[in-house]
Amino acid sequence: MSKQTVSAGTVPEFDIHDRLRKARDVAGLDQQTLGDEIDVSRNTVVNYENASTKRLKAIVLKQWALRTGVPYEWLTTGEEPPQAPDGGDQLPRQESDLQPSGYWSSQAMRASILRLPRAA
């Protein structure tokens, strides 16, 4: 936990570094194992938890959240993600049109690619 002065009757606030450590601890992982599983060094895990790294990479935080089973939003902000009306997690809506845009998606380009001779 980061160094804070806490008066009687108050609840201490946890920063992102505290939440990273807590997520790892609750998942039952040591620093080396977590590092191996999210493809970073043990030193990176230590530096993230000890606030030795000032710039935390989003990709590492997302992997950390996925591996430890905590919501990314909680890990980064300390706030719980919104709940759907049925009690489930509120997931972001994905666009249904997953076709590439621009030059590569034009009908003429697709047709010309389909007419290319196959390599022997």
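The values are calculated or read from the model by the stated rules, or taken from the named source; none is laboratory data. Keep in mind that this is a model prediction, so the values were computed, not measured. Please note: Cβ atoms are built from the backbone with ideal geometry, for glycine as well, and neighbour counts cover all protein chains shown.
Yes or no, residue by residue, for (1) on the phi < 0 side of the Ramachandran plot; (2) in contact with a Gly (Cβ under 6 Å, 6 or more places away or on another chain); (3) among the aliphatic types (A, V, I, L, M); (4) at pLDDT 95 or above:
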{"residue": "S7", "(1), (2), (3), (4)": "yes, no, no, no"}
{"residue": "N47", "(1), (2), (3), (4)": "yes, no, no, yes"}
{"residue": "W64", "(1), (2), (3), (4)": "yes, no, no, yes"}
{"residue": "D89", "(1), (2), (3), (4)": "yes, no, no, no"}
{"residue": "A108", "(1), (2), (3), (4)": "yes, no, yes, no"}
How many residues of region 61-73 are more than 8 Å from the chain's Cα centre (by Cα) and part of a helix (DSSP H, G or I)? The answer is 3
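Yes or no, residue by residue, for (1) out of contact with any Gly (no Cβ under 8 Å at 6 or more places or on another chain); (2) of a type in the set (G, A, S):
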| site | (1), (2) |
| --- | --- |
| R24 | yes, no |
| G28 | yes, yes |
| Q31 | yes, no |
| L34 | yes, no |
| D39 | yes, no |
| T44 | no, no |
| T53 | yes, no |
| L56 | yes, no |
| L61 | yes, no |
Considering region 23-44 alone, what residues qualify as being without any contact (Cβ under 8 Å) to a residue 24 or more places away in the chain and in contact with a helix residue (DSSP H, G or I) (Cβ under 7 Å, 6 or more places away or on another chain)?
Q31, Q32, G35, V40, S41, R42, T44
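Just the residues that are in a helix (DSSP H, G or I) and of a type in the set (G, A, S), please, taken from region 25-60. Lay out the reasoning, then the answer.
As a first pass, look at region 25-60 and keep what is in a helix (DSSP H, G or I): 25-26, 31-37, 42-49, 58-60.
If the condition is that a residue be in a helix (DSSP H, G or I) and of a type in the set (G, A, S), then G35, A58 are the ones that fit.
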